[in-house]
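> Just passing along the structure, written as structure tokens.
The values are calculated or read from the model by the stated rules, or taken from the named source; none is laboratory data. What you are looking at is a predicted structure, and each value in this text was computed from that prediction instead of being measured. Backbone-built Cβ (ideal geometry, glycine too); neighbour counts: all protein chains shown. Please note that ligands, DNA and RNA were not included when accessible areas were found on the heavy atoms of the full protein model with its side chains. Shrake-Rupley method; radii C 1.70, N 1.55, O 1.52, S 1.80 Å.
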Amino acid sequence: MSVVPAIKNAAAAAVQALYQQAFTAADIAVNTTKPEFEGEYTIVVFPFTKFSRQSAEATGQTLGQYLLENHPELIAGFNVVKGFLNLQIHHQYWTQYLHTAFANKTPGQKPANGRKVMIEYSSPNTNKPLHLGHLRNNFLGYSVAEIYKANGFEVIKANLVNDRGIHICKSMLAWQLFAHGDTPESTGIKGDHLVGDYYVKFETILREQAEPIISRVLEGDFHDFEDAEKERVQKLFAALQKPEVHNDKEKSAKITDEIKELSRNKTEIMQQAKIMLQQWEAGNPEVRALWQTMNGWVYEGFDATYKRLGIDFDKMYYESNTYLLGKDLVEEGLRKGVLFRKEDNSVWIDLTADGLDEKLLLRGDGTSVYMTQDLGTARLKYDDYQMEQSIYVVADEQNYHFKVLKLILEKLGEPCAEGIYHLSYGMVELPHGRMKSREGTVVDADDMVDEMVNTAATHTEELGKVKGFSDEELRELHNTIGLGAMKFFLLKVDPKKKMIFNPEESIDLHGFTGPFIQYSHARIRSIMREFSEEELADLESYTYAGELLPMEKELIMLCEQFDGILEDAQKEMSPSVIANYAFLLAQTFNSFYAKKEQGKYIYSVRDAETADRKKLRLQIASLTANTIRQGMKLLGINVPERM
RNA sequence: GGACCGGUAGCUCAGCUGGAUAGAGCAGCUGCCUUCUAAGCAGCAGGUCAUUGGUUCGAAUCCAAUCCGGUUCACCA
């Protein structure tokens, strides 16, 4: 058991014995001791004064004395400042821990706990390449999966590919109309980018064709529309003329947007895309063949990107296989009376009692919507794996969708409902706001990686510390650093917060960054390289017996916290917990490394004052390096031996 | 308008299950390479923790109200 839980247990038992009060370990606050006081961990004693009928000071004394007498192996001394009981942990606890842990290559790894979770992430559309937003999603999903594994869970990494629908048809149609048979091979363009280019082409044509229609509507000419749509457009136009709307920028923009949307739907190219979608759904062989071909190009592109990013999956789901699911669930829901049918034959669920709205599940013509597919897919996943938790890594703009998804599954009595969890993360924004594909401000994932790797290469070159590296080793190093910088940048922030990325400023390589931590690791490894295999093997049986110097103790203490950090990261589903920790650990080692008194490096390993001290510091170096490496690995980041 | 999320140093963020004098990084300014890697270390400067009120021995943290920003409330996905 780690120290902090040990202290909490001991304190809970002490409170029980001293005051006959049932305090659980979880109710006891234990912090690290402020540097100006003596001790390592501090118990806050104020909560006990209610029944100790003593001052906080006296209560602290009593509790401290009790702990000292009953846990001499753990507590070596204490002092009380106001209501804070500062505990000195027995130095043998630290050296023992160091002895057992320093050579462990996977610190914090817990044995299998028999629990199974699925994590769905990435989930790209096959009509365009990945962008910066996907990178946050991918890194987050991958890292959370690794963190779960480290905590003993069995994890299924799943990717639900959105490989069908109107947006795919847009790329397909534009390719058919304008590509003259171009392929990734003929153009040398990566498949996903090639397909994405035709998506952009489609949008350009669409805009051109929509322009005159929009102008006509705004001039009061509605001849492009018929029946209900005409009525709708007329209504919107009329609303726009009202002075209270005219003067409200937000409202008029909203109405104008709706007019634009209706107009876009009326364009010839959009009509063609819709026909293509119908043909796809009807299984038209030509359309299906084109779809297969173009998706194939995209998958080749995605695979290359995933491989480069170090992202992988255990299970792929394709929407073309799942988009019809969910209808059974709707039928069952109707029978159970959970759902109801309206006059136009559409099927709904009434969530007004839960403070939400009515939600459509089947259109009047019997076709399904996004929600229906997700209901069916949730059941499919559960049938496949019976996992206790199903995590969806999806941006926070879909918070409402997932709230509703879970609620409907609960109402339908589906066993998968309880485990549904939306890991909602904030969007990556540019300094001027969201990325918009229509405005061409989307930051492409492949470009981004290239740029970071180049930056890393340039910087490595400038520092000139890589003599003797082969070209292959250099390439690998640049990748490790560039990707490390990018991953760390996107993972160091709490997932639920949105984050700003400024493409003008490249991601830093100094300070609170991946490369800083990678550098610290390389530096430790460089220290260890000075020693022979025998010297290192010798450490296995060695336990340091003396007192520890402050920073020696500090490093051991920090590493000892890694177990708890991993648990926190898993509970909060937040890689940022580990990122912050890894930075603190690296920073602390750097201080240890550079600490100078009277012109001498007082924590030098090579020039340690005794042979014992040298072994101790080597063990500390090894422990720190292993902990940093493992922490970074859980973020999906490699650490180099040299840089 | 309803629901949800956010507001901490010039900038980007930790801290938020209440605990000691609110911390990092970047940017700015000082020092430190005859040193086990200076992608580093040490230091200076920078704060009405959005505002107001409440609960408490104690509030950046909990509650309420207000202000500001965002997302969402599609027969799109």
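> When you check residue A:49 against the structure, is it β-branched (Val, Ile, Thr), touching an Asp or Glu at 6+ places or on another chain (Cβ under 9 Å) and within 9 Å of RNA strand B (Cβ to nearest atom), yes or no?
Details: β-branched (Val, Ile, Thr): yes; touching an Asp or Glu at 6+ places or on another chain (Cβ under 9 Å): no; within 9 Å of RNA strand B (Cβ to nearest atom): yes.
For residue A:49, the condition - β-branched (Val, Ile, Thr), touching an Asp or Glu at 6+ places or on another chain (Cβ under 9 Å) and within 9 Å of RNA strand B (Cβ to nearest atom) - is not met.
> For residue A:201, state whether it is touching a Leu at 6+ places or on another chain (Cβ under 9 Å), open to solvent by 50 Å² or more (accessible area, probe 1.4 Å) and in the same structural domain as residue A:291 (by TED's automatic domain parsing).
Details: touching a Leu at 6+ places or on another chain (Cβ under 9 Å): yes; open to solvent by 50 Å² or more (accessible area, probe 1.4 Å): yes; in the same structural domain as residue A:291 (by TED's automatic domain parsing): yes.
Criteria met by residue A:201.
Residues are listed down the side, and each one gets a yes or a no for (1) in contact with a strand residue (DSSP E or B) (Cβ under 9 Å, 6 or more places away or on another chain); (2) more than 26 Å from residue A:620 (Cβ to Cβ):
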| position | (1), (2) |
| --- | --- |
| A:43 | yes, yes |
| A:72 | no, no |
| A:90 | yes, no |
| A:107 | no, no |
| A:126 | yes, yes |
| A:131 | yes, yes |
| A:139 | no, yes |
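> Being touching a helix residue (DSSP H, G or I) at 6+ places or on another chain (Cβ under 9 Å) and modelled with pLDDT under 90 is the filter; apply it to segment A:352-366 and report the residue that is farthest from residue A:407 (Cα to Cα). Break it down stepwise before answering.
Step one: filter segment A:352-366 for residues touching a helix residue (DSSP H, G or I) at 6+ places or on another chain (Cβ under 9 Å), giving A:354, A:356-362, A:366.
This time we only want the ones that are modelled with pLDDT under 90, so: A:354, A:356-358, A:366.
Numbers: A:354: 9, A:356: 10, A:357: 12, A:358: 12, A:366: 22 Å.
Selected residue: A:366.
> Okay, next question. Restricting to segment A:577-604, name every residue that is open to solvent by less than 50 Å² (accessible area, probe 1.4 Å), in contact with an Asp or Glu (Cβ under 9 Å, 6 or more places away or on another chain) and near RNA strand B (Cβ under 6 Å from one of its atoms).
Passing the criteria: only A:603.
> Mind listing whichever residues of segment A:344-381 are open to solvent by 20 Å² or more (accessible area, probe 1.4 Å), in a helix (DSSP H, G or I) and in contact with a Ser or Thr (Cβ under 7 Å, 6 or more places away or on another chain)?
A:380 - this is the single residue of segment A:344-381 that is open to solvent by 20 Å² or more (accessible area, probe 1.4 Å), in a helix (DSSP H, G or I) and in contact with a Ser or Thr (Cβ under 7 Å, 6 or more places away or on another chain).
> Right, here's the next one. Going through segment A:234-257 one residue at a time, which ones are open to solvent by 70 Å² or more (accessible area, probe 1.4 Å) and in a helix (DSSP H, G or I)?
First, pick out the residues of segment A:234-257 that are open to solvent by 70 Å² or more (accessible area, probe 1.4 Å): A:234-235, A:241-244, A:246-247, A:249-251, A:254, A:257.
Residues satisfying the conditions are A:234, A:235, A:241, A:243, A:244, A:246, A:249, A:250, A:251, A:254, A:257.
> Mind listing whichever residues of segment A:608-631 are away from RNA strand B (no atom under 14 Å from the Cβ) and surrounded by 23 or more Cβ atoms within 10 Å (Cβ to Cβ)?
A:623, A:627, A:631
> Touching a residue at least 12 places away in the same chain (Cβ under 8 Å), assigned to a helix (DSSP H, G or I) and open to solvent by 30 Å² or more (accessible area, probe 1.4 Å): which single residue out of A:292, A:278, A:272 fits that description? Working first, answer last.
Working: A:292 fails: touching a residue at least 12 places away in the same chain (Cβ under 8 Å); A:278 fails: touching a residue at least 12 places away in the same chain (Cβ under 8 Å).
None of the other options fit; the residue is A:272.
> Name every residue in segment A:506-527 that is more than 8 Å from RNA strand B (Cβ to nearest atom) and modelled with pLDDT under 95, in order of residue number.
Result: A:506, A:507.
> Quick check on segment A:172-192. Is at least one of its residues of a type outside the set (Val, Ile, Thr), outside any loop (DSSP other than H, G, I, E, B) and in contact with a strand residue (DSSP E or B) (Cβ under 9 Å, 6 or more places away or on another chain)?
Residues of segment A:172-192 that are of a type outside the set (Val, Ile, Thr), as a first pass: A:172-182, A:184-186, A:188, A:190-192.
Filter once more, so that each one left must be outside any loop (DSSP other than H, G, I, E, B): A:172-178, A:184-186, A:191-192.
Narrowing the set further to residues that are in contact with a strand residue (DSSP E or B) (Cβ under 9 Å, 6 or more places away or on another chain) leaves none.
Scanning segment A:172-192, I find no residue that is of a type outside the set (Val, Ile, Thr), outside any loop (DSSP other than H, G, I, E, B) and in contact with a strand residue (DSSP E or B) (Cβ under 9 Å, 6 or more places away or on another chain), so the answer is no.
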